[in-house]
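Taken together, the values in this text are just the output of simple stated rules run on the coordinates, not laboratory data. Since this is a predicted model, take the numbers as computed values, not measurements. Using ideal geometry, Cβ is built from the backbone for each residue, glycine included, and neighbour counts are taken over all protein chains shown.
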Amino acid sequence: MGRCLVIGAGAWGTAIANVLAKNKIQTYLWARDYKVSKEINFSHTNRKYFPKIKLNSNLKSLSGYIEASKFNYIFYALPASAFEGFCEQYLQDTRIQNFIICSKGLTENGHYLSHQAKLLLNIKNLYFFSGPSFADEVIQGKPTAVSICGGKELTKIGRLFIDSNIRIYYSNNIQTIEFLGVIKNIYAIGAGIIDGLDLGYNARASYITRCIHEIKFALRIYKYNSNQILSMAGIGDLILTCNSNKSRNYKFGYKFIINRTKTNKKQTIEGYNSSVNFQKNSKLNYNQMPILKSIIKIINGGSADIEIKKLLKRKFKFE
């Protein structure tokens with residue numbers, strides 16, 4: 001199968017690495033903090049994220065310098081906002097065989113990670129990995145399914161997960177899948193806002209349904225594959241993040257209403273970061289995406305009550 005490196009010893013990176021190691025694949029987990037790396041190697045734990053979990057004994061960790069050419073597969077699981085800086089510091093000037101992006105969001109400068117990966121790195125095959133996948137459930141061995149899209153050797157990536165708790169579905173449209181991962185985080189904030197306002201289950205179900213329509217509209221504007229809304233990276237991930245307080249984006253929207261405060265800039269809230277960049281994007285007509293428009297207004301300080309009333313008072317229409 002070859003050697004795998006997972007970059008990022010946070011919850012998601014640790015979960016992916018543990019699944020691979022449990023599948024008897026030679027796997028290394030890169031940690032920015034040497035102390036975390038040492039803990040993984042000697043105690044087989046990552047107590048910051050999983051205090052009650054014993055990591056697979058096959059999993060090894062490293063920190064600092066990365067010799068990328070030694071690995072057949074490199075999974076990137078750090079925050080999207082850290083992508084450019086990390087690549088420039090650790091991965092430039094080296095040949096990478098298979099690079100799998102596992103982070104959803106835009107870079108600090110508002111670019112897609114796949115675009116910047118091609119620009120900054122020397123990669124043979126580039127992939128994107130996305131779907132309904134809370135890290136705590138994945139590391140416990142609970143089942144899920146994800147979309148993998150990108151390079152010519154998709155099935156090789158899939159084979160890494162055979163007989164694991166992660167089922168793989170293949171796709172060839174990396175930009176579509178990546179876009180879905182970005183925009184669903186913004187809508188997850190809106191779901192948190194709805195629950196923060198205590199509008200009920202009916203409202204949330206109606207909300208998610210109309211979000212799907214808006215996402216399809218956006219996919220057509222960008223000339224992406226609108227059928228992919230039905231993928232694991234599309235409706236699968238949207239339903240998950242809009243229905244659970246495990247989602248950082250949902251939780252941010254909920255607390256935004258309860259506490260009436262803006263985000264802590266030190267937090268990794270990909271939906272908030274993406275919404276800032278979406279406002280600069282002239283391709284989207286926000287008058288035709290009223291839900292997205294209202295979410296952005298609310299997190300920029302607008303009245304949630306007023307925005308909800310505006311949405312409800314819109315002219316009735318055929319589905």
Note to self: Could you sort the peptides 93-103, 57-67, 208-218 by per-residue average Cβ neighbour count (10 Å cutoff), highest mean leading?
What the structure shows: 93-103, 208-218, 57-67
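So what is the 222 nm mean residue ellipticity for the chain from helices alone, if each DSSP H run of at least 4 adds -39500 (n - 2.57) and you divide by all residues, rounding to the nearest 500 deg cm²/dmol? Numbers along the way, then the final one.
Numbers: 13 runs with 135 residues, N = 319.
Value at 222 nm, helices only: -12500 deg cm²/dmol.
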Next item on the list: Quick one: work out Rg over Rh on the C-alpha atoms of region 3-172, Rh as Kirkwood radius.
Entry: 0.93
Item checked: Principal axis dimensions, largest first and in whole angstrom, of region 1-77 by Cα -> 32, 26, 20
Notebook entry, point to check: Can you list residues whose amide H is under 5 Å from Arg3's amide H, if they're 5+ apart or on another chain and H is modeled 1.01 Å from N?
Noted result: Asn72, Tyr73
Next item on the list: Take the chain, connect every pair of alpha-carbon atoms lying under 10 Å apart with a spring to form a Gaussian network, then pick out the residue of Lys223, Lys118, Lys24 with the largest mean-square fluctuation.
Entry: Lys223
Notebook entry, point to check: Which three lengths, in whole Å and largest first, does the chain cover when its Cα atoms are put on their principal axes?
Noted result: 59, 40, 35
Check: Which of the listed residues, Ser147, Asn287, Phe75, is farthest toward the dipole's positive end in the chain, when Lys, Arg count +1 and Asp, Glu count -1 at the beta-carbon?
Finding: Asn287
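Of the beta bridges DSSP finds with both residues in the chain, what % are antiparallel, to the nearest 5?
Working: 6 of 33 bridges.
Of those bridges, close to 20 percent are antiparallel.
Taking Cα atoms of region 175-312, Rg/Rh with Kirkwood Rh, to two decimals? List each step's numbers first, then the result.
On the way: Rg = 13.7 Å, Rh = 14.7 Å.
Computed over Cα atoms, the ratio is 0.93.
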Margin query: Let me make sure I get this right: for region 124-229, a, b and c are the square roots of the gyration tensor eigenvalues over alpha carbons, sorted descending. Under 1.5 in a/c it's rounded, otherwise prolate if a/b > b/c, else oblate. Which is it?
Written below: oblate
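For Phe71, what charge total do you get from the other residues with a beta carbon under 13 Å from its beta carbon, if Lys and Arg give +1 and Asp and Glu give -1?
Result for the neighbourhood of Phe71: +4.
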Margin query: Looking at region 3-172 only, what percent of DSSP beta bridges run antiparallel? Nearest 5 please.
Written below: 20 percent
